[in-house]
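The values are calculated or read from the model by the stated rules, or taken from the named source; none is laboratory data. Keep in mind that this is a model prediction, so the values were computed, not measured. Neighbour counts are summed over all protein chains in view; Cβ atoms, including those assigned to glycine, are modelled from backbone coordinates with ideal geometry. These accessible areas exclude ligands, DNA and RNA; they are computed on the full protein's heavy atoms, side chains included. Shrake-Rupley method; radii C 1.70, N 1.55, O 1.52, S 1.80 Å.
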Amino acid sequence: MKKRLAVLLSLVMTASLVFGGCKKTESTSASNSSDVIKIGVFEPMTGANAAGGALEVEGVKLANKLYPTVLGKKVELVIVDNKSDKSEAATAASRLVEKEKVTAIIGSWGSGYSMAAGPIIKDAKVPTVAASATNPLVTQGNDYYFRVCFIDPYQGTVMANYAYSKLNAKKVAIIQEVSNDYAVGLAKYFKDSFTKLTGDANSVVSVSNYNTGDQDFSGILTNIKAQNPDAIFAPGNFTESALIIKQARQLGITAPFIGGDTWETPEFIDIGKEAVEGATFSTFFATEKPITKESEKFMEEYKKEYNGKEPAAVAALSYDAYILILDAINRAGSTDPVKVREELAKSKDFQGAAGVINFDENRNAVKSAVIKEVKGGKFTFKEIIDSAK
């Protein structure tokens with residue numbers, strides 16, 4: 001008996017050594033039966049963009065808790081970490097379509113990761129909905145990629161108008177995260193719009209570049225201080241953006257900083273502290289202005305689920321991506337990805353938490369923009385910019 005027990009213990013220890021280091025894909029269900037419909041989620045859960053990915057996962061998980069079934073079947077989330085890396089994003093998408101056989105996919109925070117996964121999604125013909133990926137190239141030429149947010153040409157125009165009309169800026173400096181597709185695209189659209197508004201080809205006094213992970217911006221900021229711009233547009237990741245503003249204030253730069261939706265993470269304020277007071281940015285959703293009945297439900301349930309925390313806009317958008325997919329599955333009466341894609345494309349006046357969703361010809365949501373600023377250490381609503389204007 002002792003010999004048999006020793007053998008069993010040996011087998012258990014061997015299995016532990018073999019499998020103990022493997023990182024499992026997170027799932028909301030252990031079932032593999034035909035009674036389960038799988039929806040894949042690929043997000044940056046580790047790495048430079050982990051905070052953004054975590055916010056989107058919160059929204060998806062809440063939606064799954066509130067709406068756990070469709071067509072009489074349980075919906076299982078299969079969540080894969082893309083590790084804030086483009087090649088990992090492609091690998092994550094491959095896993096979802098080839099191994100997990102998902103009906104649809106949600107993701108990713110970060111346009112570059114969505115773009116990296118795009119060819120795999122297109123070839124597999126699995127409908128995918130991005131929550132907050134704003135670069136136009138995410139959906140361009142890919143009939144299977146949708147998004148529930150506005151895109152950067154609109155966001156860039158909104159912030160250029162804000163700088164020109166609200167800040168009375170006549171010359172601006174741009175600091176862009178050159179390794180980030182989102183930041184480069186948004187900077188371009190801002191520059192084009194601001195130059196057009198001023199009628200002055202030299203109204204953008206400089207465009208400075210940095211890479212993801214950089215921490216010392218003194219050289220860039222010293223040059224900008226000498227140029228004395230009226231405002232500084234700095235689209236990029238929340239960590240580096242907060243550090244840039246903090247170091248700018250330490251150098252005595254007082255010009256207002258404006259940016260894009262990536263700033264709306266708690267880490268932006270945690271890192272920047274009082275230096276980011278007054279920082280203003282465009283985003284997708286404001287708790288102060290619920291748009292639909294689903295907005296009210298989302299805010300109430302989110303605070304219950306996450307201990308009173310105020311929801312970020314990207315959490316509302318990922319929530320919408322999930323319920324929009326479920327609506328398409330229900331209308332299709334099928335889990336066939338091609339049929340679900342067809343119904344997604346037909347979506348009209350869909351009542352989401354972050355507003356009413358209608359798609360343009362490139363499957364981009366036509367949405368209004370929200371302007372927020374950091375005030376008293378919190379993200380505070382300023383105004384809504386109507387997409388029709």
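What to note about this one:
- Multiplying the residue separation of Glu26 and Asp360 by 0.36 nm and subtracting their alpha-carbon distance yields 116.9 nm.
- Carbon and sulfur %, accessible surface of the chain computed with the full protein complex present, 1.4 Å: 52
- Rg/Rh (Cα only; Kirkwood hydrodynamic radius) as it applies to the chain: 1.03
- FRET efficiency for the pair Tyr306 and Gln215, taken as 1/(1 + (r/R0)^6) with r the Cβ-Cβ distance and R0 = 35 Å, rounds to 0.70.
- Coil-residue trypsin sites (Lys or Arg not before Pro) of segment 262-323, DSSP, other Cβ within 10 Å capped at 15: Lys309
- In a fully extended conformation the segment linking Glu267 and Ser334 would gain 20.0 nm over its present Cα-Cα distance, using 0.36 nm per residue.
- Candidates Glu301, Glu26, Glu361, ranked by Gaussian network fluctuation over the chain, Cα under 10 Å, top entry: Glu361
- Charged side chains reduced to their Cβ positions (Lys and Arg at +1, Asp and Glu at -1) give segment 129-216 a dipole of some 420 debye around its Cα centre.
- Over all orientations, segment 89-236 has a Cα convex hull whose mean projected area works out to 9.6 square nanometres.
- Summed residue charge, Cβ within 12 Å of Glu277's Cβ, Lys/Arg positive, Asp/Glu negative: +3
- When only the Cβ of Lys, Arg, Asp and Glu is charged (+1, +1, -1, -1), the dipole of segment 294-350 relative to its Cα centre reaches about 120 debye.
- Solvent-accessible area per residue, Å², over segment 319-389 with all protein chains present [probe radius 1.4 Å]: 45
- Nearest-0.05 FRET efficiency for Ser94 and Ala345, computed from C-beta distance (R0 30 Å): 0.80
- Relative contact order of segment 101-156, pairs being alpha-carbon contacts under 8 Å that are 6 or more residues apart, as %: 34
- Accessible surface, per residue, of segment 92-206 when the full set of protein chains is kept, probe 1.4 Å, Å²: 34
- Selected from Ser87, Ser111, Ser368 as most flexible by GNM, with the chain as the system and alpha-carbon contacts under 10 Å: Ser87
- Around Gly252: net Lys/Arg minus Asp/Glu count, Cβ-Cβ under 14 Å: +3
- At a probe radius of 1.4 angstrom, the accessible area of segment 219-290 per residue rounds to 34 square angstrom.
- Calculated [222 nm] ellipticity per residue, helices only, for the chain: -13000 deg cm²/dmol; basis is -39500 (n - 2.57) per DSSP H run with n ≥ 4, divided by all residues, nearest 500.
- Averaging the sequence gap over all C-alpha pairs within less than 8 Å and six or more residues apart, then dividing by the number of residues, gives the chain a relative contact order of 16 percent.
- Considering all C-alpha pairs of segment 45-171, those separated by over 20 Å amount to 49%.
- Charge tally around Ala169: other residues with Cβ under 15 Å, Lys/Arg +1 each, Asp/Glu -1 each, net +3.
- Remark on segment 242-323: Rg and Dmax equal 15.2, 47 Å (Cα only).
- For segment 123-164, the alpha carbon positions stretch 45, 17, 9 Å along the principal axes, listed from largest to smallest.
- Taking the charge dipole of the chain about its Cα centre, with +1 at Lys and Arg Cβ atoms and -1 at Asp and Glu Cβ atoms, the residue from Pro311, Ile175, Ser206 reaching farthest to the positive side is Pro311.
- Label-to-label distance, Lys101 versus Thr222, with points set 7 angstrom from Cα along the beta-carbon direction: 6.2 nm.
- A simple spin-label model places pseudo-atoms 7 Å from Cα toward Cβ; at Lys74 and Asn161 they are separated by 4.8 nm.
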